[in-house]
Amino acid sequence: MRYNYNLNLNALKPDAFDAIREADEKLIGTPAYMGIAWFWNNAYKHNLRGDIRPISYATRRRIHKAWLKAGLAVDGESPAHEAILFRIIPRK
């Protein structure tokens, strides 16, 4: 059975957000990754942190999942990583 939960991460106290982020760090590289913890290579930080344009947790999950599906290390850097990244979030 699937449940539909809505959690406003912006409304959490810092300690609560940190606990969720720490839990998500343990899920990096797995299909259970939630999109909160940073997993990417430094080359992609501006795109995945939201420095260039806002990015959602769902979009981070899509990229993470696509890199896993392609057999790529989620913290790697390559033309294949970039092709997937910019297919999901087109360059400006």
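Bear in mind these aren't lab numbers, they're just calculated from the coordinates by the rules spelled out. It should be emphasised that the depicted structure is a prediction, and the values quoted were computed from it without experimental measurement. Positions of Cβ are generated from backbone atoms using ideal geometry, with glycine treated the same way; all protein chains shown enter the neighbour counts.
Dividing the mean sequence gap of close Cα pairs (under 8 Å, 6+ apart) by how many residues region 1-58 holds gives a relative contact order of 21 percent. Taking the inverse of the mean reciprocal distance over all distinct Cα pairs, the Kirkwood hydrodynamic radius of region 37-82 comes to 10.7 Å. Computed from the C-beta positions of Ala43 and Asn4 and an R0 of 41 Å, the FRET efficiency is 0.70 to the nearest 0.05. The ranking of Tyr44, Tyr3, Tyr57 from fewest to most other beta carbons within 10 Å of each one's beta carbon is Tyr3, Tyr57, Tyr44. Only Lys, Arg, Asp and Glu carry charge here, each on its Cβ (+1 for the first two, -1 for the last two); on that basis the chain has a dipole of about 480 debye about its Cα centre. Within region 64-84, list the residues whose amide N lies under 18 Å from a label point set 7 Å along Cα→Cβ of Ile28. What the label zone holds, given the 18 Å backbone N cut-off, is 64-69, 71-78, 81-82. The calculated 222 nm mean residue ellipticity attributable to helices in the chain amounts to -13000 deg cm²/dmol, summing -39500 (n - 2.57) over DSSP H runs of n ≥ 4 and dividing by all residues. Are there any GluC sites (Glu not before Pro) in region 21-92 that are in a DSSP loop and have at most 14 other Cβ atoms within 10 Å? List them by number. Loop-located and lightly packed - Glu77.
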